[in-house]
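**Q** Shown below is the structure under consideration.
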Amino acid sequence: MVVTESSQISAPAPVPRKRAQNARRAAALLGSAIALAVVLVLSLGLGARQRSPAEVWHGLFDADSAAYTVVHQMRLPRTLLGLLAGVALGVAGGVMQALTRNPLADPGLLGINAGASAAVATAAGLLGVASFQGYVWFALAGAAAVSVLVYAVGGGRAATPARLALAGAAINAALYSYVNGTMLLDSASLETMRFWTVGSLASAQGETAAMMTPFIAAGLLLALALARPLNALALGDDSARSLGAHPARVRAGAIVAVTLLCGAATAACGPIVFVGLMVPHLVRALTGPDQRWMLPCCALLAPVLLLGADVLGRLVARPGELQAGIVTAVLGGPLFLYFVRRKVRA
Amino acid sequence: MPVRRIAGGMTPRLRAVAVGAGCLLLALVFGVLAVGGGDYPMSPSDVVRTVLGGGSPAEDFIVHELRLPRVVTALLVGAALALAGAVFQSLVRNPLGSPDLLGFTQGSAAGALLVVVTGGGSAALAGGAVLGGVVTGAVIYALAWRGGLHGHRLVLVGIGATAILTGVNGYLLTRGRLMEAARAMLWLTGSLDGRGWEDVLPLLVAMAVLAPVVLLGCARPLAITEMGDDLARGLGVRVQGLRLVLLGAAVLLTSLAAAAAGPVSFVALTAPHLARRMTRAPGPNLLAATCTGAALLTGADLAAQRLFAGHQLPVGVVTGVLGGGYLVWLLAAQRKAGRI
C-alpha cells in the first residue's frame, strides 16, 4: 500500500515541485502544532465546569486563583497523560504501518495493546500489583511478546491487509478471553479492571505522566532515528540493503520502539484502539509517505485526536463522562469502515 | 466427485461420515459421564437406564431436570457454533474467519449486556443476545455489500465492527453496579451452569430447521464456490443468493448459541480445523465439523466441571485457554505454509 503511492519514490522530482512539497509539509507540521495547542487549552478548560482560557492561564501559574486546585489536581495530570499517550499511540501506529508495509496496522487492532492488557490483568488479578510502576513492566513484557508475534506473522514478506488484520483479531480475541477470565476470579480486580479495559484518561494522577515520560521519550527518539531507514525499507529489503540500511536491525529497533510506546501508554490508560490507525492515514494525506515528516506530524496530531476524544467524552455525558477509549472506538470505527469500503476491492 | 482412494482405504465421503459418527459417539460418552458426575454420582449404566425411562423418581428428577438440560445445551451449542464457523471459514476463504472474530458474537454480547445493565431477566437476556447478533449481522452484510459480497471486505468490515462493539461493550460494563458487572462478565465468558429446558428449546428448534438446510441443501454448492465465483456460476450455482442464505443461517445459529450459553470462544474456530484434519478432505466439511464441535464443547464442559475438585470453571475459560494455545500454533503453521 505504502509502496504503491507515487510520491514514495520522489528522487527525480523537479526542484520547484520538491520545494512546494516541503512548504506543504512544513505547513502541515505548523498546523498540527497549532491544533495541539488549542486542544491542550480546551482540555484544561472544559469539563464539569467550564473555564475560559484566561482562567486556565491564571489557574496554571497563580496559586491564589480559584481555578488553581482544579487545574493542577485534576485537569493538568489528565491532559499530560493524554498528550503522552497520544504521542505514543500515533507514532507507534506510523512505525507499525511502515514496518508491516500494511495500511491497516494499528497497535490496538493487531493485539499489541491487548498483550499489554493481558499482562497487566495478570499483575492486577493474580499477583495483586496496583500501581503504574508495577503495571508498566508487565505491560512492556506483554506488548513485546505480541509485537514479536505480529512481526512474525506480518513482517518481512508483506501479508495482505485482510490476513494481517484477521491474525490480529484472533490474537485480540484470545487475549481478551484471558483478561475476562482473570476478571472472573475475584470481584476486586473486576471492579478496577472493568474501568481500565475501556481505555480512559480519568485515572490520571500527578505522578503517572512523570513516570511515563522516560519510556515514551525513549520510544519516540528511537522511532525518529529509524525514520530514514524505514523509508528505505518501504522499497523492499534488497533496495534497502543497497541504500545502506540493515533490514533486520531496523525491524528489531522498530519493534523495540513500538513496544516501549504501546506498553507505557497501555499501562497508564488501558487499551485504546484506532488512534494509531487514523492519525498516520490523515498525516500521510498531508505530508506524503516520507517517515521523516510523517512521524513528527503523527506525534503532534495523535494527541489532538486523543485529547479531543477525551474532552468530547466529558462534554456529551455530563455530569458523568464517556471514556476516551470508547469515543475513539465509536469515531474511529466508522472511519475504518469507510476506508475499507473505499480502498479494498474484491 | 470422482472416487479417490486415500490412506485408510476409504472414500472421502465414507471417511467424513465415519468421522462424524465417531465424534458424535465421543460427544455422547462425554455426555453420559457429565450426567453421571456430581454430588449424587451415578454409574454410566444407571445414566443410560434413567435416560431411557427406567430410573427411580429421584434419579429421574436429577437426570431429567438438573443434569440433562446442561448436556443437551452443550451438545447443541457446540454443534451450532462449529457449523456456523465452518460456513464462515468457507465463505471468507480464510481459516481464521470465524464469527467470534468478525463481530457477530460481539453484537450478541452488546445486546445481552444492554439487557443486563437495564436489569432484565434471563429470558430478556437471551432475546437481547439474539436481537443484537441478528442486527449486527444485517449491518455487517449491508456494509460489506458492494455489487456482491466478497470475503476480504466481509473480514475487514467485521473486524471494524468488532473494534467498535468491544468499545461499546466495555462502556456498558462500566455502567452497571458491581453485581450486574459480575453477572455480565460470567455471561461474556460463556457458561453452562444451571441451564434448563427453556434455555435449550429455541436453539433446538433452530438446529432442527437450519442444520438440514445448510448440511443437505448448501454443502455441495458451497464446496463448488470454494473453487472460485466464476467457475461456480458456470456450474449453475447462484453465488450471491447462496451466500445470503448461508450467512443468515450462520448468524442465527451463532446468536442462538450465544443466547443459550454466552459467547463461548474458539469452538467455531477450532472445530472445523480439527474436522478437516480428521477427514483429510478439502472443502467445508460441514457435517464432520458439526459433530466435532458437539464433542469439543461437551468435553470442555466435562473438563470445566472436573478439572478442579470442588471448584467449577465456566466452560468459556477452558475453551479460551485451549483455543488460545491452538491459535498460536495455527499462526505459526500458517505462516510456515505461506498462507498468511
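**Q** Round to a whole angstrom and tell me the spacing of the C-alpha centers of the range B:79-150 and the range B:244-266.
**A** Between the Cα centre of the range B:79-150 and that of the range B:244-266, the gap is 6 Å.
**Q** Determine the distance separating the Cα centre of the range A:195-269 from the Cα centre of the range B:167-228; give it in Å without decimals.
**A** 39
**Q** For the pair A:R318 and B:A142, what calculated FRET efficiency results from E = 1/(1 + (r/R0)^6), where r is the Cβ-Cβ distance and R0 = 41 Å, to the nearest 0.05?
**A** With a Förster radius of 41 Å, E is 0.75.
**Q** If each residue's Cβ is checked for other Cβ atoms within 10 Å, how do B:S122, B:S108 rank with the fewest at the top?
**A** Fewest-to-most Cβ neighbours within 10 Å comes out as B:S122, B:S108.
**Q** Please identify the helices of chain B, taking whole runs of DSSP H, that span at least 15 Å along their own axis as judged from the Cα atoms and have a mean Kyte-Doolittle score of 0.5 or higher.
**A** B:12-36, B:68-91, B:104-117, B:122-144, B:151-175, B:178-189, B:197-212, B:239-261, B:286-306, B:315-336
**Q** Are there trypsin sites (Lys or Arg not before Pro) in the range B:213-256 that DSSP marks as loop and that have at most 16 other Cβ atoms within 10 Å, and which are they?
**A** Within the range B:213-256, the qualifying trypsin sites (Lys or Arg not before Pro) (loop, at most 16 other Cβ atoms within 10 Å) are B:R238.
**Q** Just grab the label-to-label distance for B:W197 and A:A23, each label 7 Å out from Cα along the Cβ direction, in nm (one decimal).
**A** Label-label distance for B:W197 and A:A23, simple model: 8.2 nm.
**Q** As a test of the formula, what do you get for chain A when each DSSP H run with n ≥ 4 contributes -39,500 (n - 2.57) and the sum is divided by the residue count, at 222 nm and rounded to the nearest 500 deg cm²/dmol?
**A** -24000 deg cm²/dmol
**Q** Let me ask you something else. Treat the count of other C-beta atoms within 10 Å as a stand-in for reagent exposure and order B:K336, A:K18 from fewest to most.
**A** Lowest count first: B:K336, A:K18.
**Q** Grab the alpha carbons of chain A, take their convex hull, and tell me the volume per residue in Å³.
**A** Expressed per residue, the convex hull around the Cα atoms of chain A is 139 Å³.
**Q** Something else about it: Looking at the protein assembly as shown, which Cys residues are left with no other cysteine's beta carbon under 4.7 Å from theirs?
**A** Within the protein assembly as shown, the cysteines lacking a partner Cβ under 4.7 Å are A:C262, A:C269, A:C297, A:C298, B:C218.
**Q** Would you give the gap between the C-alpha center of the range B:267-340 and the C-alpha center of the range A:103-148, rounded to a whole Å?
**A** 26
**Q** Hey, another quick one. How do A:R284, B:R15 line up, fewest other C-beta atoms within 10 Å first?
**A** By the 10 Å Cβ count, ascending: B:R15, A:R284.
Just so you know, all these numbers are worked out from the coordinates, no wet-lab data involved. Note that the coordinates shown come from a computational prediction; the quantities given were computed from them, not determined experimentally. Virtual Cβ from ideal backbone geometry, glycine too; neighbours counted across all protein chains shown.
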